[in-house]
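I have placed the structure first, in the form of structure tokens, so that the comments after it can refer back to it.
The values are calculated or read from the model by the stated rules, or taken from the named source; none is laboratory data. Only a predicted model underlies this, so the values are computations on that prediction, with no experimental measurement involved. FYI the Cβ positions are ideal-geometry reconstructions off the backbone, even for glycines, and counts take in every protein chain you see. These area figures cover heavy atoms from the full protein model, side chains too; ligands, DNA and RNA do not enter into them. Shrake-Rupley method; radii C 1.70, N 1.55, O 1.52, S 1.80 Å.
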Amino acid sequence: MTDTGNPAHAAVTTLWRDAARYRRAVWLLALLALALRVFGLNWDGGRGLHPDEGNLVRAALSLGVEGRLLPEFHAYNDLALWLPRLISLPFCDSNDGACLTLVARALSATLSAVLILPGAGVAFLLASADGNIQAGRIAGLVAAAALALSAPLVQWGHFGTTESAMALLVGLAWFLAVRWQAGQMTDRAFVLSMAVTLGVGFGFKTTALAVALLPVLALALSPRAPVIRLRLGVLLGVVALAQGLAFAPSVIFATEPWLAVMRFEGGVVDGSVPVFWTAQFTGTSPVVFQLGQLWSITQGAGFVLALLALLLMPRSGWRMALPGLAFALVYAALTFGWHAKFTRYLAPLLPIVLILAGVAIGRMAMVLHARSPLAAGLAGLGLMGLAGLDMASAYAKPDPRLAMEAVIANQIPPDSVIAVEPRDLAQLAGRRSISLPLANPDLTPQALAETLAQADWLVVASRRNWEVLPRQPGRPAAICAHYAGLVDGTLGFFPYHRTYRVGLLGRLFGPGLRAEETRAVFDRPNMILFRKTEGLGIEELTNRLSAVRPSVDCALSTLARVLGGGA
């Protein structure tokens, strides 16, 4: 018989019920995260319009064909290719790239949603390290909500690439380290689970090597005897190495091709191997640019709250937080100085920032009782949540390239010739196309005029070319004249139709022109269809393209008035 009048029993019952409600709330937020990530998952109608995703899918499609077990493409490690390939087998034909793309996206969405669970766990343990359970629960719920509603995490969850896996890897590794430091895991369980986590992470991407700093620091900070820490470290290293090689066997059996890709990728990120995709970073500050991106993708609030958490965290929580913080600092020190500054490189940092934001809210709510700062923090996170919901809602709209294709199919005569820019994925409904020679470093006004003279229409498929090419050092003068001529109409082409993808809140949360281009060009480019209204001959076009334009005509703000009108 239960003694319901016992105060101690009542207190325990209340704590248990609160804990149960807390766990249910975290799981509901994880389900919300999954829903936001799978909504509109087929956002490009099966066309495979994400170039990095296309590389992964093509490499995965070759696996198992004629006995092939190792991929030919090593920018992603073996598990990143084999896992979607194996999952797709019951659902897809062996050569169905569109189906495999959906499977890869569903896997990414699932991994992104799973991040909510360890993320909430870390926030709870850090905020409640001094015994304030309610602060921990609030921190856990806020961190879970921030992770669930984060716009970049929602976007990456729609891509069949490895950003979601890398974010989950960091969140899970930090969670295991914090649990072990809190005495909630045995030494053996910690080492083995961490080793498997790192091995699986390496199977996706070589970037996982940096995450090994987390368990190493957790071991270094442990009060255990040095000989025990050394033994655990050796066991961790051996098991993690074995797991990593098991999930990325190309390192052993295709060493030279794998190393060649690693050298090429290293050259791309440090700028020693020039490629067009990193030309957008010309003239940007190595550190300031990425700090600005981190500020932007967290609407500023997440970044500020993360810094505030460092002041509000209980002293007993610092030892548990230190491995994650040290990893973030080291990773930022390594990557923020790279020439390549893609937003996706922030994927391993974003979980740490959002978890710490939850810790700050939890401590303000239950320890400081500071209403004004708390209200400001919640308002900032609410803004960040609106950005995430807006991002998800945008996938209800058709892809701009498909919408433009419908316009071309219905409104442009079948015998028309459409000029297109290089390095973009315009969908032209089978119309004849001609590529503008803008990528030619020796471009002459006459060569560009000859192409424009043949075209009846012209498509600008994204900001990828016009935002980058005119500001490159040593670029041919004809490029400036070309884009300035499109803006003021002197080349005889005028805007006919625009397509773009925005969410329920319109352009409020859309990435601006100062944002890194892949935040827009992969899944929500601004497209413009120009119609030739004045049939200029090659000689006249050459003269107009040879005219020296003042630099203001090719300034980003000038071009954006027409070319960026729907961005």
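Can we say A260 is more than 27 Å from F175 (Cα to Cα) and not in a loop (DSSP other than H, G, I, E, B)?
Against the criterion (more than 27 Å from F175 (Cα to Cα) and not in a loop (DSSP other than H, G, I, E, B)), A260 qualifies.
When you go through S88, S94, S62 one by one, which is the residue that is of a type outside the set (A, V, I, L, M), open to solvent by less than 10 Å² (accessible area, probe 1.4 Å), farther than 27 Å from Y331 by Cα and more than 21 Å from the chain's Cα centre (by Cα)?
That would be S88, the only listed residue that is of a type outside the set (A, V, I, L, M), open to solvent by less than 10 Å² (accessible area, probe 1.4 Å), farther than 27 Å from Y331 by Cα and more than 21 Å from the chain's Cα centre (by Cα).
State the number of residues belonging to the range 383-401 that are open to solvent by less than 40 Å² (accessible area, probe 1.4 Å), in a helix (DSSP H, G or I) and not hydroxyl-bearing (S, T, Y).
Total satisfying the criteria: 10.
Looking at Y483, is it free of Cβ contacts under 8 Å to residues at least 40 places away in the same chain and either farther than 30 Å from Q293 by Cα or open to solvent by less than 10 Å² (accessible area, probe 1.4 Å) (or both)?
Considered against the rule, which asks whether it is free of Cβ contacts under 8 Å to residues at least 40 places away in the same chain and either farther than 30 Å from Q293 by Cα or open to solvent by less than 10 Å² (accessible area, probe 1.4 Å) (or both), Y483 comes out as no.
Scan the range 486-510 for residues that are surrounded by fewer than 20 Cβ atoms within 10 Å (Cβ to Cβ), without any contact (Cβ under 8 Å) to a residue 60 or more places away in the chain and either in contact with a helix residue (DSSP H, G or I) (Cβ under 6 Å, 6 or more places away or on another chain) or under 19 Å from A426 (Cα atoms) (or both) and jot them down.
T490, F494, Y496
Of the numbered conditions (1) under 26 Å from T197 (Cβ atoms); (2) at pLDDT below 95; (3) surrounded by 15 or more Cβ atoms within 10 Å (Cβ to Cβ); (4) aromatic (F, W, Y), F327 satisfies every one except a single condition; which is it?
All conditions are met except number (2).
Name the residue, out of S285, S296, S316, that is assigned to a helix (DSSP H, G or I) and more than 25 Å from L378 (Cβ to Cβ).
Exactly one residue qualifies, and that residue is S316.
Might you check whether a residue that is part of a helix (DSSP H, G or I) and without any contact (Cβ under 8 Å) to a residue 12 or more places away in the chain occurs anywhere in the range 203-219?
yes
Looking only at the range 511-533, decide whether some residue is free of Cβ contacts under 8 Å to residues at least 60 places away in the same chain and either in a strand (DSSP E or B) or of a type in the set (K, R) (or both).
Among the residues of the range 511-533, not one is free of Cβ contacts under 8 Å to residues at least 60 places away in the same chain and either in a strand (DSSP E or B) or of a type in the set (K, R) (or both), which makes the answer no.
Quick check on the range 512-532. Is at least one of its residues over 30 Å from W43 (Cα atoms), modelled with pLDDT of 95 or more and more than 25 Å from the chain's Cα centre (by Cα)?
Yes, the conditions are met somewhere in the range 512-532.
Quick test of your reading of the structure: A35 fulfils all but one of (1) in contact (Cβ under 8 Å) with a residue 60 or more places away in the chain; (2) open to solvent by 10 Å² or more (accessible area, probe 1.4 Å). Name the failing condition by number.
All conditions are met except number (1).
For the range 180-201, enumerate the residues that are within 17 Å of L325 (Cβ to Cβ) and either open to solvent by less than 10 Å² (accessible area, probe 1.4 Å) or not in a loop (DSSP other than H, G, I, E, B) (or both).
Those that are within 17 Å of L325 (Cβ to Cβ) and either open to solvent by less than 10 Å² (accessible area, probe 1.4 Å) or not in a loop (DSSP other than H, G, I, E, B) (or both): W180, Q181.
Going through the range 113-163 one residue at a time, which ones are open to solvent by 20 Å² or more (accessible area, probe 1.4 Å), touching a residue at least 60 places away in the same chain (Cβ under 8 Å) and part of a loop (DSSP other than H, G, I, E, B)?
A129, D130, N132
Among (1) in contact with a helix residue (DSSP H, G or I) (Cβ under 8 Å, 6 or more places away or on another chain); (2) of a type in the set (A, V, I, L, M); (3) open to solvent by 40 Å² or more (accessible area, probe 1.4 Å); (4) not in a loop (DSSP other than H, G, I, E, B), there is one condition I418 misses while meeting the rest; what is its number?
Failed condition: (3).
Test F175 against the stated conditions and say whether it is in a loop (DSSP other than H, G, I, E, B), within 30 Å of A75 (Cβ to Cβ), aromatic (F, W, Y) and in contact (Cβ under 8 Å) with a residue 40 or more places away in the chain.
Spelling it out, it is not the case that F175 is in a loop (DSSP other than H, G, I, E, B), within 30 Å of A75 (Cβ to Cβ), aromatic (F, W, Y) and in contact (Cβ under 8 Å) with a residue 40 or more places away in the chain.
Determine whether R85 is without any contact (Cβ under 8 Å) to a residue 24 or more places away in the chain and of a type in the set (D, E, K, R).
Taking the combined requirement at face value, the residue does not satisfy it.
Look through the range 220-229, keep the residues that are free of Cβ contacts under 8 Å to residues at least 40 places away in the same chain and not β-branched (V, I, T), and return whichever of them is surrounded by the fewest Cβ atoms within 10 Å (Cβ to Cβ).
Result: P223.
Identify the residue in the range 444-465 that is of a type in the set (A, V, I, L, M, F, W, C) and either in a helix (DSSP H, G or I) or at pLDDT below 95 (or both) and, among all such residues, is nearest to the chain's Cα centre (by Cα).
The selected residue is A461.
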